[in-house]
Amino acid sequence: MPGEDTDGELAQRAASGDGAAFATLAERHYDRVYALAWRWSGARAEAQDIAQDTMVKMATAIRSFRNDCAVTTWVHRIAYTTAVDHIRARRRVVALDPAQVLALADGAGNDTPEDDIMGQDLWRAVRALPDQQRDAVLLVYAQDLSHGEAAALMGCSEKTVSWHLHEARKRLKTTLEAAR
């Protein structure tokens, strides 16, 4: 839209203490952050927590934003690290009673409306991949990033992202064929 501030302009103003500029920036990016969080976590409540934590981290870090990359890239990096941190924390805190273990083994309680829409078997299989493979698949296929952008977020080379994708495709093919 003509006259609309760019992300870079909003970030500069927000870094100078303009709360309205930050609110506009956060509003522009919230849906994408939530989508990333949902794909990583597979649960609405956890995705909301991740998205909210991402916004808080953005508010804290905006003063140090140097405008040396696109704001979208910066936001995506914060969301990515926040999602990974949440998932790691969840893995450390899991203490299930026997009934919960049986429910998980049966697959009960794992369906969300988003799973039905987006292909529950595929997303569950993606979330079950080893961390680096899962991250590569979600960044490239779910977030539509290039291999280079995914590599920058993951802190590895493009070739490594390609390898993770290759391994993930093999693993997903085996998993999904076995589920048929």
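The values are calculated or read from the model by the stated rules, or taken from the named source; none is laboratory data. The shown structure was predicted, so the numbers you read here are calculated from the model rather than taken from an experiment. Cβ atoms come from the backbone with ideal geometry, glycine included; neighbour counts cover every protein chain shown.
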(request) Quick one: which residue in 167, 158, 149 is at pLDDT 75 or above and touching a His at 6+ places or on another chain (Cβ under 7 Å)? (result) 158
(request) Please specify each residue of the range 11-27 satisfying the condition of being farther than 15 Å from residue 73 by Cα and assigned to a helix (DSSP H, G or I). (result) 12, 13, 14, 15, 19, 20, 21, 22, 23, 24, 27
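Suppose the filter is in a helix (DSSP H, G or I), acidic (Asp, Glu), surrounded by 12 or more Cβ atoms within 10 Å (Cβ to Cβ) and at pLDDT 90 or above; does residue 135 pass it? Give the derivation first.
Values: in a helix (DSSP H, G or I): yes; acidic (Asp, Glu): yes; surrounded by 12 or more Cβ atoms within 10 Å (Cβ to Cβ): yes; at pLDDT 90 or above: no.
So residue 135 fails the test.
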(request) Write out, first by first residue and then by second, each pair whose Cβ atoms fall under 7 Å of each other, whose residues are 6+ apart or on separate chains, and whose first residue, in the range 1-12, is in the same structural domain as residue 27 (by TED's automatic domain parsing) while the second is assigned to a loop (DSSP other than H, G, I, E, B) and at pLDDT 85 or above. (result) 11/65
